[in-house]
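**Student:** First, the structure itself, so that you have it in front of you.
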Amino acid sequence: MNCAKNALLCKKSRLLFMSEFEKWVDLYTNELYKRAFYLFSNKEDAEDLVQEVFVAAYAQLPKFRNESSPLTWLNSILRNKAAEFYRKKYETETKIRLDHFFNQDKFWKQTNNIESWTDDEKNLLDEESFREYLIKCLNELPEKWNILVKLTYLEQKKSSEICQETNITATNYWKILQRSRLQLRECLETNWFKQNA
């Protein structure tokens, strides 16, 4: 539309555009925040992500064609922004500590104390106290490991996609996941299973 020729029509169009966008903010902020918090387990990061989603959506709203629901469209923006966040975070150089697995002589620590979990634990995620310990244990993982675990198990992305986003090899990806699972298991056994036995 040529706004120089029809300023009144352009003004009305902008007002409708703003009105629609304000409705989306009111309707979808809580839903997007829940999803973002689920991905990040951090209030500030989740709030920042939701804000970035709306900024991106505002810029792209004239291109929205109603081929999907607004929430579906906003969730796809959220997924892309989360992947971008993890990619940037993963690329920053942080030193990963392996002393959890190796002794001072650089040999694997012997951990023969892993206990088997019974069938009673099938619905553990339904228990709030277990979920709290799971989040604590996830947060104790080195940051890069935490990112891979969340992308794999919370976002349910394919390993090839994660390797491409984080720029790591498949071998490195699987080793990190294995070590992460071992550390998570030990943390949960120490902090939740033994205390709730």
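**Student:** Of all residues in the range 125-139 being surrounded by 14 or more Cβ atoms within 10 Å (Cβ to Cβ) and more than 16 Å from the chain's Cα centre (by Cα), which is nearest to GLU186 (Cα to Cα)?
**Tutor:** Among those residues, the one meeting the criterion is TYR133.
**Student:** So, one more: Identify the single condition in (1) at positive phi; (2) modelled with pLDDT of 85 or more that SER180 does not satisfy, given that it satisfies every other one.
**Tutor:** So SER180 meets the others, but not (1).
**Student:** Go through the range 149-176 and give me each residue that's within 16 Å of SER41 (Cβ to Cβ) and in contact (Cβ under 8 Å) with a residue 40 or more places away in the chain.
**Tutor:** LYS150, LEU151, LEU154, GLU155
The values are calculated or read from the model by the stated rules, or taken from the named source; none is laboratory data. Since we're looking at a predicted model, the values are computed, not measured. In this analysis, Cβ positions are derived from the backbone assuming ideal geometry, glycine residues included, and neighbour counts consider all displayed protein chains.
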